[in-house]
Amino acid sequence: ALQDATCLNVSYLAASVDLSTYGVNYADLQMLAELFSYATTLGSLIQVPTLIAERLPAMNRLVEQASHDLLAAGNLQLLMKLIRQTEMLTREYDAVVANPPYMGGGGMNATVKSYLRQRFTGYDKDLYSAFVVRLTALAKPNGSVGLMTSFVWMFLISHEALRKLILSNH
């Protein structure tokens, strides 16, 4: 289960540790905290921006080398968890197996609706479609995706974009 970043105090961490020593800047940590601000709500739908993925080695150095700093210990532990879940969401896998959640727009909260609208345009009317798109992105180019699904995606008009994506790209 992914962890929210709401308890990560970036300002306190930046004041406790000289971030530049590790090749990390305040903006990197702030961006990571914002990315995971709703992690328990969005889960594996979260798409890691390239900039954050590129900064992971520096953030790992920070956590490994500054871990003895007692003032920053709690923030560094949370940062380590955020780094690990970032790594999990940036990898490509040989096999992705899941039971995507089924939820139409009426059951979604405002955070999920907004996130899907921004990042899964065309697949944002049903949580299921967005998850299928995201899970196929987590698979390597010749990887396998196994999903426990009902058959409604094969004929409902609301899943037409999903059918086209699967047939043309996977």
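With a 1.4 Å probe and every protein chain left in place, work out the accessible area per residue of the chain in Å², rounded to a whole number.
About 55 Å² of surface per residue is accessible.
In Å and from the alpha-carbon atoms only, list the Rg and Dmax of the range 42-137.
Over the range 42-137's Cα set, Rg and Dmax evaluate to 16.5, 48 Å.
Along the principal axes of its C-alpha atoms, what lengths does the range 9-97 span, in descending order and rounded to whole Å?
Largest to smallest, the principal-axis extents are 40, 24, 20 Å.
Using the Karplus curve 6.51 cos²θ - 1.76 cosθ + 1.60 with θ = phi - 60°, work out ³J(HN,Hα) for each residue of the range 13-26 in order, rounded to whole Hz, and write x for Gly and Pro.
Once θ is set to phi - 60°, the couplings for the range 13-26 become 4, 5, 6, 8, 10, 6, 4, 4, 4, 9, x, 10, 10, 4 Hz.
Carbon and sulfur together cover what percent of the accessible area of the chain at a 1.4 Å probe radius?
Its accessible area is 56 percent carbon and sulfur atoms.
What label, among [x] 1.04; [y] 0.96; [z] 1.38, belongs to Rg/Rh (Cα atoms, Kirkwood Rh) computed from the structure on display?
The value matching this structure is [x].
Using 0.36 nm per residue of separation minus the Cα-Cα distance, give me the extension gain between M31 and S168 in nm, one decimal.
Stretched out fully, the M31 to S168 stretch lengthens by 45.9 nm.
What dipole magnitude, in Debye to the nearest 20, does the chain give about its Cα centre under +1 on Lys/Arg Cβ and -1 on Asp/Glu Cβ?
520 debye
Which loop trypsin sites (Lys or Arg not before Pro) in the range 74-170, with loop taken from DSSP, have no more than 15 other Cβ atoms within 10 angstrom of their Cβ?
For trypsin sites (Lys or Arg not before Pro) across the range 74-170 that sit outside H, G, I, E and B with at most 15 neighbouring Cβ atoms in 10 Å, the list reads R91.
Please report, in debye to the nearest 20, how large the charge dipole of the range 40-135 is about its Cα centre when each Lys and Arg carries +1 at its beta carbon and each Asp and Glu carries -1 there.
Using only the charged Cβ atoms, the result is roughly 260 debye.
Amide H to amide H under 5 Å from G143: which residues, 5+ apart in sequence or cross-chain, H placed 1.01 Å off N in plane?
none
Tell me the Rg and the Dmax, in Å, that the Cα atoms of the range 96-170 produce.
12.0, 35
Place +1 on the Cβ of every Lys and Arg and -1 on the Cβ of every Asp and Glu in the range 1-109, take the dipole about the Cα centre, and give the residue among A1, A27, P49 whose Cα lies farthest towards its positive end.
Checking the options against the dipole of the range 1-109, the answer is A1.
Relative contact order of the range 1-155: what whole-number percent is it, with Cα pairs under 8 angstrom and at least 6 residues apart?
24 percent
Where in the range 141-159 is the amide nitrogen less than 17 Å from a point lying 7 Å along the Cα-to-Cβ axis of Y102?
Residues passing the 17 Å test: 147-159.
Within straight cross-link reach of K113, meaning Cα distance under 22 Å, which lysines are found once same-chain residues fewer than 8 apart are removed?
K125
Given the whole protein assembly as supplied and a 1.4 Å probe, what does the accessible area of S11 come to in Å², nearest 10?
Taking all protein chains as shown, S11 has close to 70 Å².
The values are calculated or read from the model by the stated rules, or taken from the named source; none is laboratory data. Owing to the predicted nature of the structure, the values given are computational and were not obtained by experimental measurement. Note: ideal-geometry Cβ built from the backbone for every residue, glycine included; neighbour counts use all protein chains shown. Side chains are part of the model used for accessible areas, which takes the heavy atoms of the whole protein and leaves out ligands, DNA and RNA. Shrake-Rupley method; radii C 1.70, N 1.55, O 1.52, S 1.80 Å.
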